[in-house]
Amino acid sequence: MFKSAGGAAFGMSTCHEVAVARQCGIKVIAFSLITNICNTDADTSVDVTHAEVLQTAEEARDRTCKFVKELVRRLPSL
């Protein structure tokens, strides 16, 4: 379902809050910085260290800051 809406990934930590907010008529905007792969196959294990997660976040820092600044700038017109 999320792919048909243009999504490339699915996060669990924001979904419930967004669903309830929309049911209450609240406008919502959300974004996520995905820093690690998840295990989708019970027969295969992917080990991800905390250091790898931090490194990925650090690598995305400048792009993320630029995105947030532009998002805040455009919020009044959304």
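None of the figures in this text is laboratory data; all of them are computed from the coordinates on show. Note that this is a predicted model, so its numbers are computed, not measured. Methodologically, a virtual Cβ is constructed for each residue, glycine included, from the backbone with ideal geometry; neighbour enumeration extends over all protein chains shown.
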(Q) I need the calculated FRET efficiency for the pair Cys38 and Asp62, taking r as the beta carbon distance and R₀ as 30 Å, to the nearest 0.05. (A) 0.75
Q | Cα point-scatterer Debye curve for the range 36-77, base-10 log of I(q)/I(0) at q = 0.14, 0.19 Å⁻¹ | A | -0.53, -0.69
**Q.** FRET efficiency, Val53 to Glu17 (Cβ-Cβ, R0 22 Å, nearest 0.05)
**A.** 0.50
Q.
Starting from 0.36 nm per residue, how many nanometres of slack lie between Ser45 and Arg73 once their C-alpha separation is accounted for?
A. 5.9 nm
